[in-house]
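Since every read-out is calculated from the coordinates, none of them should be taken as a lab result. Just so we're clear, the structure is a prediction, and the values are computed from it rather than from any experiment. Because the Cβ atoms are built from the backbone with ideal geometry, glycine has one as well, and the counts that use them run over all protein chains shown.
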Amino acid sequence: DVVLTQTPVSLSVTLGDQASISCRSSQSLEYSDGYTYLEWYLQKPGQSPQLLIYGVSNRFSGVPDRFIGSGSGTDFTLKISRVEPEDLGVYYCFQATHDPYTFGAGTKLELK
Amino acid sequence: EVQLVETGGGLVQPGRSLKLSCVASGFTFNNYWMSWTRQAPGKGLEWVASITNSGGSTYYPDSVKGRFTISRDNAQNTLYLQMNSLRSEDTATYYCTRDTMGTLFAYWGQGTLVTVSS
């Protein structure tokens, strides 16, 4: 199975700071069709997860442009510029290139 | 507005069965793949099952293959998860999700908690 390793496990930030989360895959996530099925989700406290980014860098409907996804192959990054209070929670990367589809273990974004 | 409402969770003994339902509204149900994802208490997320829009194909990870069955009734806008031979490690909140634009989990329900314990 593909293992997604997220770092750091937790991240303490001040509101207005930039935050960066890494997701490294044990295999390349580029599918045979050239698409990379790498996504990012945010789970706020007490809520269901919500989709932020799909296809490495595409923001889902309604996601603010301060969320920026990048990367290729096995290395991916989610950057959040100017962290706001509603950005706090646990971030997960997810891959749907290889069966079985797998999530990273999560990165908790909290206030310093 | 897309709405996904899961029901059917509860306390069940190991080895027994349980069937979850997810009623969908706000979109044309038979146009979309649907999936189940779960989260054990205090843990991360795990993909459980997916089904094509027609219901003709289904997909599972090895952890549930042969025990769980995903199905759908497009006339009733309802997704199901039949869970057999339940184990303590199946204890989790189960989420119903809808796909869009090549992503399986664009929309999520509020989840239903399944507890497997004697």
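The modelled label-to-label distance between A:TYR31 and A:ASP1, using points 7 Å beyond Cα along the C-beta direction, is 2.0 nm.
What size of dipole, in debye to the nearest 20, comes out for chain A about its Cα centre when the only charges are +1 on Lys and Arg C-beta atoms and -1 on Asp and Glu C-beta atoms?
The dipole magnitude comes to about 320 debye.
A cut-off of 5 Å between modelled amide H atoms, ignoring neighbours fewer than 5 places along the same chain, links A:TYR37 with A:TYR31, A:ALA96, A:THR97. When the Cα positions of A:LEU29, A:PHE60, A:LEU88 are compared along the charge dipole of region A:1-110, A:LEU88 comes out farthest toward the positive end, with charges on each C-beta of Lys, Arg, Asp and Glu. Ordering B:SER35, B:LEU113, B:VAL12 by Cα displacement along the dipole of chain B toward the positive end leaves B:VAL12 in first place; charges were set at the Cβ atoms of Lys, Arg (+1) and Asp, Glu (-1).
Pull up the DSSP beta bridges for the protein assembly as shown and report the antiparallel fraction as a percent, rounded to 5. Don't skip to the end; give the middle numbers.
Numbers: 70 of 77 bridges.
In the protein assembly as shown, DSSP labels about 90 percent of beta bridges as antiparallel.
Within a Cβ distance under 14 Å of B:LYS65, other residues only, what is the Lys/Arg minus Asp/Glu net charge? Summing Lys and Arg as +1 and Asp and Glu as -1 gives -3.
Placing +1 on the Cβ of each Lys and Arg and -1 on the Cβ of each Asp and Glu in chain B, which of B:THR103, B:TYR59, B:ALA24 has its Cα farthest towards the positive end of the resulting dipole? Sorting the options by dipole projection puts first B:TYR59.
Under 18 Å Cα-Cα from A:LYS112, which aspartates and glutamates qualify once same-chain neighbours fewer than 8 residues away are excluded? Within the straight-line limit of under 18 Å, A:LYS112 reaches these aspartates and glutamates: A:ASP17, A:GLU84, A:GLU86, A:ASP87. By the rule of a C-alpha distance below 16 Å, with chain neighbours fewer than 8 residues away ignored, the lysines paired with A:LYS79 are A:LYS108.
Based only on other Cβ atoms within 10 Å, what is the fewest-to-most ordering of A:ASP17, A:ASP33? Before the final figure, lay out each step's value.
Working: A:ASP17 13, A:ASP33 8.
Listed from fewest to most nearby Cβ atoms, that is A:ASP33, A:ASP17.
Annotation: the residues B:MET34, B:MET101, sorted from fewest to most other C-beta atoms within 10 Å of their own C-beta, follow the order B:MET101, B:MET34.
Charges only on Cβ, +1 for Lys and Arg, -1 for Asp and Glu: so what's the dipole of region B:63-118 about the Cα centre, in debye to the nearest 20?
On the way: 5 positive and 4 negative charges, 20 e Å.
Once rounded to the nearest 20, the dipole reads 100 debye.
Remark: the protein assembly as shown carries a charge dipole of roughly 420 debye about the Cα centre, counting +1 on each Lys and Arg Cβ and -1 on each Asp and Glu Cβ.
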